[in-house]
1. In whole percent, what relative contact order does the chain give with Cα contacts below 8 Å and a gap of six or more residues?
2. Could you sort 14-20, 35-41 so that the peptide with the highest average Cβ count within 10 Å comes first and the rest follow in order?
3. How big is the charge dipole of the chain about its Cα centre, in debye rounded to the nearest 20, if each Lys and Arg gets +1 on its Cβ and each Asp and Glu gets -1 on its Cβ?
4. Taking Cα Rg over 2.2 N^0.38 Å as the quantity of interest, determine which of (1) 1.51; (2) 1.01; (3) 1.33 was computed from the displayed structure.
5. Once you have the Cα-Cα distance between Glu32 and Lys102, take 0.36 nm times their residue separation minus that, and quote the gain in nm to one decimal.
6. Quick check: the angle from helix 32-45's long axis to the longest principal axis of the chain, C-alpha only, nearest 10 degrees?
7. For Thr79 and Phe14, what does the FRET efficiency come to when R0 = 41 Å and r is the distance between their Cβ atoms, rounded to the nearest 0.05?
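Bear in mind these aren't lab numbers, they're just calculated from the coordinates by the rules spelled out. Because the structure is a prediction, the values reported are computed rather than measured. Here Cβ is always computed from backbone atoms with ideal geometry, including for glycine, and neighbour counts include all displayed protein chains.
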Amino acid sequence: MQMDRPQVSFFRVFNAEQVQDFPGFSRNECPEPEIDTVIDRIIDTSECPIHEIAQDRSFYSPSLDEIYLPLRSQFKDQTSFAKTLLHELAHMTGAASRLNRKFGGPFGSEGYAK
């Protein structure tokens, strides 16, 4: 749709907790067996090789374009493993063959976060 000029709209937004008689939201947790299935599917279909090794750190190697993770059994639960996997996959998107984002900075810095 082409407009002759920009259209400005205003919306009042409220936190659900501020709305009287709002039924609220329910959090749908994924059962552990389903998390395993999702994790396996992500790993099997990833463009980037993902290695699970007995180690104490997780990282994406830009020079190798590979992800290294501790063994699943080293995490307190499968959800923690899945969160770490997704975090490293986010770093993987910065590769030149993907989004070509610039990496830089030590862990915790603004450059690292990008």
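1. Working: 96 pairs, mean separation 17.1, N = 114.
Result for the chain is 15 percent.
2. Numbers: 14-20: 7.6, 35-41: 13.3.
Result, highest mean first: 35-41, 14-20.
3. Values: 12 positive and 17 negative charges, 118 e Å.
Rounded to the nearest 20 debye, it is 560 debye.
4. (1)
5. Values: separation 70, 0.36 × 70 = 25.20 nm, distance 3.51 nm.
Stretched fully, the Glu32-Lys102 segment lengthens by 21.7 nm.
6. Here the helix axis deviates by roughly 70 degrees.
7. Working: r = 30 Å, r/R0 = 0.73.
Efficiency computed from Cβ-Cβ geometry: 0.85.
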